[in-house]
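These notes concern the structure reproduced below.
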Amino acid sequence: MSHLAEQARADAGAVTPGSAKVAGRTALLIPHRDDAADEGALPGDHRKFLAIVREADDSVQVRAVGERLGLAIE
């Protein structure tokens, strides 16, 4: 069992995130992960998402977050 866990950790380190165009901008398909617990370690877009959700009085739809960020919503 520990061999499988070691292999999974090794495989996870070998994965290179891909990218795609989202609203005309390049975005990671799988964001980089880090063990840092500090919010400041998050990418800028992720901190913006958190700020928008925190400002809301209730649940937030993804569409509303996209609109607040100025993304093209269809």
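Counting only residues that are over 21 Å from ALA23 (Cα atoms) and part of a helix (DSSP H, G or I), how many does region 34-74 have?
The total comes to 5.
Could you list, in sequence order, all residues of region 35-66 that are more than 22 Å from ARG25 (Cα to Cα) and in contact with a helix residue (DSSP H, G or I) (Cβ under 6 Å, 6 or more places away or on another chain)?
Once the filter is applied, which keeps residues that are more than 22 Å from ARG25 (Cα to Cα) and in contact with a helix residue (DSSP H, G or I) (Cβ under 6 Å, 6 or more places away or on another chain), region 35-66 yields only VAL60.
Within region 42-55, can one find any residue that is at pLDDT 75 or above and more than 17 Å from the chain's Cα centre (by Cα)?
Within region 42-55, one or more residues are at pLDDT 75 or above and more than 17 Å from the chain's Cα centre (by Cα).
The values are calculated or read from the model by the stated rules, or taken from the named source; none is laboratory data. This one's a predicted model, so the numbers in the text were calculated from it and none came from an experiment. Positions of Cβ are generated from backbone atoms using ideal geometry, with glycine treated the same way; all protein chains shown enter the neighbour counts.
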